[in-house]
1. Being among the polar types (S, T, N, Q), assigned to a helix (DSSP H, G or I) and surrounded by 14 or more Cβ atoms within 10 Å (Cβ to Cβ) is true for just one of T44, T39. Which residue is that?
2. Do we find that L29 is in contact with a Ser or Thr (Cβ under 9 Å, 6 or more places away or on another chain), surrounded by 13 or more Cβ atoms within 10 Å (Cβ to Cβ) and in contact (Cβ under 8 Å) with a residue 12 or more places away in the chain in this structure?
3. Any residue at all in the stretch 119-133 that is at pLDDT below 85, closer than 25 Å to G54 by Cα and either of a type in the set (V, I, T) or within 20 Å of the chain's Cα centre (by Cα) (or both)?
4. Given the conditions (1) crowded, with 17+ Cβ neighbours inside 10 Å; (2) free of Cβ contacts under 8 Å to residues at least 12 places away in the same chain, which single one is not true for N159?
5. Given the condition charged (D, E, K, R) and touching a residue at least 24 places away in the same chain (Cβ under 8 Å), answer yes or no: does some residue in the stretch 74-89 qualify?
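The values are calculated or read from the model by the stated rules, or taken from the named source; none is laboratory data. Being a predicted model, the structure only gives us computed values, none of them experimental. Please note: Cβ atoms are built from the backbone with ideal geometry, for glycine as well, and neighbour counts cover all protein chains shown.
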Amino acid sequence: MDKEDRWSSIVMLFTYFVMLCGVVMTVWLTYGTIRYGLTWFIETGYRLAQIIAGYTFWINILIALPMVVFSRTRIVAAAIFLYSSYIFGYNLALLSIITTYVFWSWIGVIMGIFFAGVGIVFTAFAAALLNRNWGMLGNLCIGLLLTYGTKTLCAILINMGKKEDLAKMVAGVREDQEIKQKMQLNK
C-alpha cells in the first residue's frame, strides 16, 4: 500500500467517524430536548459541545498547525482543519439556537431555521444585537471566525498542495525536455 493511499484511507476513516459522531450527537440532543426540555439541552448538550470544541481548538493549535510546516503532512492538517470547521459550526449552530430562543422564543428559532438553513446564525446575531447583549454577540463572532477561519485555512493548504504538485510537474516536464534535447544532440 502506497503512503498516499494509507493517508487517504486514514482520512476517510476519520471522516466516517466524525460524521457518525455528529449524527449520534444530534439524535441524542434532539431526544434529550424533547424528553427533558430546553434546560437540559443547555445544561448538558451545549456544555458537551463546548468541551468538544475546546479540545478541537487545542488539537488545531498543538497538532495541526505544526503539521502545516511539513509538505507531506499538509493534507492531513487540511483535513483536521476541515473537520474542525464542522465541529465549530455545529457549536455555533447550537449557540445560535440558544441565543435566539432566549431572546425571541420558539418563534424566532423557527423563523431562523427556515431562512435557508444558516439563517439561525444571522437570527441569533440580530437577536443579540437588538437586545444589546454584547457578550453573546462576541461569542457568536468568535464562533463564526473559528468556523470560517478553519475552513479558509483548509482551502489555503489544499491550494498550496496543488501549487507544489504543479511546480513538480512543470519541473519534471522541463527535465524531460532537456533529456530529449540532449539525446537528439547525441544522435
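1. Working: T39 fails: surrounded by 14 or more Cβ atoms within 10 Å (Cβ to Cβ).
Residue meeting the stated conditions: T44.
2. On the way: in contact with a Ser or Thr (Cβ under 9 Å, 6 or more places away or on another chain): yes; surrounded by 13 or more Cβ atoms within 10 Å (Cβ to Cβ): yes; in contact (Cβ under 8 Å) with a residue 12 or more places away in the chain: yes.
In short, yes.
3. If we filter the stretch 119-133 for residues that are at pLDDT below 85, which is where we start, we get 119.
Filter once more, keeping what is closer than 25 Å to G54 by Cα: 119.
Now restrict to residues that are either of a type in the set (V, I, T) or within 20 Å of the chain's Cα centre (by Cα) (or both): 119.
Yes, because at least one residue in the stretch 119-133 is at pLDDT below 85, closer than 25 Å to G54 by Cα and either of a type in the set (V, I, T) or within 20 Å of the chain's Cα centre (by Cα) (or both).
4. The failed condition is (1).
5. Of all residues in the stretch 74-89, those charged (D, E, K, R) come to 74.
From the residues that got through so far, the ones that are touching a residue at least 24 places away in the same chain (Cβ under 8 Å) too are 74.
Yes, some residue in the stretch 74-89 is charged (D, E, K, R) and touching a residue at least 24 places away in the same chain (Cβ under 8 Å).
Per-residue answers, yes or no, for (1) more than 18 Å from the chain's Cα centre (by Cα); (2) at pLDDT 90 or above; (3) under 19 Å from A155 (Cβ atoms):
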residue: T15; (1), (2), (3): no, no, yes
residue: V23; (1), (2), (3): no, no, no
residue: T39; (1), (2), (3): yes, no, no
residue: I42; (1), (2), (3): yes, no, no
residue: Y55; (1), (2), (3): no, yes, no
residue: R74; (1), (2), (3): no, no, yes
residue: L82; (1), (2), (3): no, no, yes
residue: F88; (1), (2), (3): no, yes, yes
residue: I97; (1), (2), (3): yes, no, no
